[in-house]
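Read-outs: derived from the displayed coordinates by stated rules, not from any lab. Please read these numbers as outputs of a predicted model, since none were measured by experiment. Virtual Cβ from ideal backbone geometry, glycine too; neighbours counted across all protein chains shown.
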2 protein chains.
Amino acid sequence: MLHWLRQYRRAMLPGDMSAGIVVAMMMIPQGMAYALVAGLPPVAGIYASILPPLAYALFGSSMTQSVGPMAIVSLMTAAVIAPLAPAGSALYGVLAAQLALVAGVVLLVCGALRMGFLANFFSRPVMSGFTVGSAIVIAGGQLKPLLGASFPQFHTPSAVLGGVSLLLLLLGKRYLARLLQRCGLSAAHADLGGRLAPMLVVLAATAAMPLLGLQALGIHATGAVPSGLPELNLATSSSHWRALLQPGLLIGFIVFLMSMSAAQTLALKRNEKLVSNQELFGLGAANVASMVSGGFPVTGSISRSAVNFSAGANTPLASVITAVLLAAALVAPTGWLALLPLPTLAATIIVAVLGMLEFDTLRMAWRYDRGDAAAWAVTAAGVLALGVEAGVVIGVLLSMGTLIWRASRPHIAVLGRIAGSEHFRNIERYAAQTQSDILVLRIDANLFFGNVEAVSERIEEELRTHPSARHVVLVMTAVSSIDTTALFALSEWNASMRRRGVCMHLAEVKGPVMDRLRESDLPAQLSGPIFLSTAMACNALQECREGGVAEYI
Amino acid sequence: MLHWLRQYRRAMLPGDMSAGIVVAMMMIPQGMAYALVAGLPPVAGIYASILPPLAYALFGSSMTQSVGPMAIVSLMTAAVIAPLAPAGSALYGVLAAQLALVAGVVLLVCGALRMGFLANFFSRPVMSGFTVGSAIVIAGGQLKPLLGASFPQFHTPSAVLGGVSLLLLLLGKRYLARLLQRCGLSAAHADLGGRLAPMLVVLAATAAMPLLGLQALGIHATGAVPSGLPELNLATSSSHWRALLQPGLLIGFIVFLMSMSAAQTLALKRNEKLVSNQELFGLGAANVASMVSGGFPVTGSISRSAVNFSAGANTPLASVITAVLLAAALVAPTGWLALLPLPTLAATIIVAVLGMLEFDTLRMAWRYDRGDAAAWAVTAAGVLALGVEAGVVIGVLLSMGTLIWRASRPHIAVLGRIAGSEHFRNIERYAAQTQSDILVLRIDANLFFGNVEAVSERIEEELRTHPSARHVVLVMTAVSSIDTTALFALSEWNASMRRRGVCMHLAEVKGPVMDRLRESDLPAQLSGPIFLSTAMACNALQECREGGVAEYI
């Protein structure tokens, strides 16, 4: 906590200053836009951008993460609150703040329980499919404010302003940096300047409202923005709290996933150590802080954090500067914000989420692993068809399903002896010698509940095709762990084989696995020792046979 | 389908006959009791025991599985239907049948999609905790019918009858088989005879009702049972169907889990091949059939299947005989069934679920793996505190959580060369020589989304502690698969290292993994070939250094 402040050097200040300013300029249109996505008045986006980054600066682990409103989390907020309160009502805002509190507490509890491993519950294809599906839902939701009416109808002045804004934003995204570079700015500065295109377009559109008399044409604006922070009000019924519990869990999970994916990208760039449990605390504190300031659930944003990083941020002081600037903007006369035209804000949202439409993962998965490509497609389709909340559940189930499905087909090789040596190899790949009464099987996977049935079936199959086998040697070179389920299974296989007059043996059990097995009854149940090597096992069993001993004891 | 009928031999008939009769005698009290658990009139338990085993005989894979009502599935049925319809109403029965249909269709669809791997979603400790928690809930729910009033109150005549029934059942379970053996029966026959204790107690109690005038004392009986099968009626609102969709998924999952766990035990005893996808079809058909006969969700029961097996069942013909006998019992005068006293039925349920209170798994897990023991306890507590439906979700999350948590701590060893050899070993266990500019890491786990972050963090850590490393060799001997997420990660590690002037190399990639990698861009991104052996990698990198080549290309 604040360890970065103790190590602060003056040389870091210019970078943090410039990053703080650039991100604040980016945050004003983005925060307001994402508040709209969450179904809240635009000013709530500014509220949610002040205290959360301060809280994250205190408790978070990443140096350059920018915490605040984020498109997908806003979409989920809208999906949760919309059925509970009428749009635009005071209750809606209160529930959004409560949702941030629930998500924040969930994250803090997960942090206290050191559950950072939760970040690994989504595979990358599932994450990418989820992001693309959400981006399409968000963009689709902005068609109405962009056109001033429900598609395919449109309100001409709104649609023209929306279209012009969209065009300017796309041109700005594409050409502004190049233009600035031609004007003599360095590549890095020009790139940062290009990031300010949304702010410029929003300012221009806001100026155009009174200058061109656009409001009289029926173009909607954001409306009056109260100065200062809102009053805190969480007095709702207990049924509301209950209704927010499960969605709060899901949103907390997504907040963590999104932030971790941003932080991981940054950590790779900065060679920074990322502490996922610390990240849980940082995000938990940020969401509780968002509740205090009347905001809504927030998280680290990959696009904003990348800007923060490339604008020179060295420490969370950059975020502190951003927060101070935004607070100043709220205290300053905010009358002009009321004139911000909605079609222009909708255009900034659409352009922002266009960047989330990333199909590289799908393309690569399609070439590399069709199952992963299918997981991508099903997750994206799930978000589009059933909504973003169901999408999270589908994503987790698909990630886990892929995992269990893969685990349920472990590789098992029948081994034979390379003539004249102590080496045993897969008989399908090597000319290796087998003995009819000794079946040697190498299990090439950790034994756990997801694959014991498959291993069991394979052993039974081999016993059927080798009816004269009297000994089964399981070679455990590749087994790094055996869970309780597999321990039971080993014991049951041993009993089942013994009933048929077959002895089960283990060989080449790894040190740590052996240490654990000694805690169990298994070694006592086996008919014979656990052999150090496959060769020793086969030699011993052969000697027994030649000595006329029917069963190895 | 019916392949067993084509291979039927006359010698199998006596075994199937005796098993069919014994199971029918067991099914009558058990079916009625589990119908009560499901909140249905006892006769529904008989309905659910006729068509489902016939359907399973047509489509299922196990030869000795006995499909019908089962305690935990009945408990889940009650949990789903109770909020939707008043107890005892016609709607309640209709919804229970609909639930069987939904679960059946879910199972059939899963079978068509070959999703038999779903059986691996529960670890054994979680399954055991779930079973024990459910058994306690079921037994607790029978206290009221046992005592004739809500505990701690009781209706004396009911409580006396319940207590006597309980005592007789426990004594019968313990001593009847021994007694029969003393009377000259063989051990096997005596054991089967012992299984009929519930039927005998139920018959005695039913006879006692008119003989001792118990009904006049206020002891409740099951009431009139209609002859023949009920009429099919599924005309409910679409909102009812919607409400049954998600519970139907959960119940389908539990039906499959329970039946697979029974079938696996049997398959180990009979050395039978179990086809999990076939099992999905069999159970799906059984549940659809249960709906047709006005029953409720059914599954394979481990206790009943074990009796079926030890009574000599050779093929599903045993179940067909059971079904015919039960149908005959329904067609025969059923007046006597109306007199069956509820305290006695409650006692049979309590004694039946006592057998499910199995703490061996907990004990073994506690000794072997505290994490698995905790999963047991949390699942059992979850069922007790939040109900059986929540328990399923908790169980899946815990199983998956354990899996991801374990995966998130992969073993990675820094390797050094055994002096004068081509062998590389873990420097923590062997006196092996390292070179300051070449860091050799062996990754002892398959690379997938659950562990790439952990591997990444470990590599970064090693790079921090070995700042002079210019080459990182990842030794892939233990990596049997690389998923899409890990493929991206390898590519990102390579890029991240290169930015710092470090070259990443791969060595000893397994054949099947290499075949897959060739489909990707990774080999082209690496600075150098993928080395066949660790020694070849280190030799080549050393030669480069000695030849004055700064970077290996």
Residues with amide H under 5 Å from that of A:GLU519, placed H, sequence gap 5 or more: none
Cα-projected label distance for B:GLN246 with B:ASP515, points at 7 Å along beta-carbon direction, nm: 4.3 nm
Length gained when the stretch A:THR465-A:LEU167 is fully extended (0.36 nm per residue, less Cα-Cα span): 100.3 nm
Per-pair calculated FRET efficiency, R0 = 56 Å: A:LEU91 and A:ALA540 via Cβ, rounded to 0.05: 0.15
At 7 Å out from Cα toward Cβ: B:ARG429 inter-copy label distances (nm, ascending): 2.1
Volume of the Cα convex hull of chain B, divided per residue and given in Å³: 202 Å³
Shape call, segment A:412-546: gyration tensor on alpha carbons, a/c limit 1.5: rounded
Cα centroid separation, segment B:410-430 to segment A:277-324 (Å): 43 Å
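Let me spell out the model: positive unit charges on the Cβ of Lys and Arg, negative unit charges on the Cβ of Asp and Glu, origin at the Cα centre of the protein assembly as shown. What dipole size does that give, in debye rounded to 20?
Working: 70 positive and 56 negative charges, 10 e Å.
Computed charge dipole of the protein assembly as shown: roughly 40 debye.
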Label point distance in nm, B:ARG10-A:LYS273, each placed 7 Å from Cα along Cα→Cβ: 8.1 nm
7 Å along Cα→Cβ, label-point gaps from B:ALA332 to other copies, nm, shortest first: 9.3
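Give me the inter-chain shielding for A:452-461: mean count of other chain Cβ atoms within 10 Å, whole number please.
On the way: counts 4, 9, 3, 0, 4, 6, 0, 0, 6, 1.
Going residue by residue through A:452-461 and averaging, the value is 3.
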Percent of beta bridges antiparallel (DSSP, segment A:412-546, rounded to nearest 5): 40 percent
Cα gyration tensor shape of segment A:46-140, rounded if a/c is under 1.5, else prolate or oblate by comparing a/b with b/c: oblate
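Given a cut-off of under 8 Å on Cα pairs at least six residues apart, what relative contact order in percent is computed for chain A? Mind dumping the intermediate values first?
Working: 993 pairs, mean separation 122.7, N = 553.
Relative contact order comes out at 22 percent.
Would you mind computing the Rg to Rh ratio of segment A:182-334 from its alpha-carbon coordinates, Kirkwood style for Rh?
Rg/Rh: 1.03.
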Cα centroid of segment B:237-256 to Cα centroid of segment B:364-386, whole Å: 27 Å
For B:LEU143, label point 7 Å along C-beta direction: distances to other copies, nm: 5.8
Normalised convex hull volume, segment A:351-430, alpha-carbon set, Å³ per residue: 133 Å³
Under the span-like rule (Cα at least 27 Å along the axis, Kyte-Doolittle mean at least -1.0), DSSP H helices of chain A: A:13-37, A:90-112, A:238-270, A:388-407
Full-stretch length increase - A:LEU354, A:MET17 - with 0.36 nm per residue and alpha-carbon distance subtracted: 118.4 nm
Fraction of antiparallel bridges per DSSP, the protein assembly as shown only, in percent to nearest 5: 50 percent
Chain B, closest residue to the rotation axis toward A, by beta-carbon, whole angstrom: B:MET400, 2
Distance between segment A:13-85 and segment A:176-205 - C-alpha centres, whole angstrom: 22 Å
Among A:ALA507, A:LEU487, A:MET536 the positive-end extreme of the charge dipole of segment A:412-546 (Cβ point charges): A:MET536
For the protein assembly as shown: rounded, prolate or oblate by the Cα gyration tensor [a/c cutoff 1.5]: oblate
Computed label-point distance, nm, for sites A:ALA419 and B:ASP437 using a 7 Å Cα→Cβ extension: 4.7 nm
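Given Cα pairs under 8 Å that are at least 6 residues apart, what percent is the relative contact order of segment B:412-546?
22 percent
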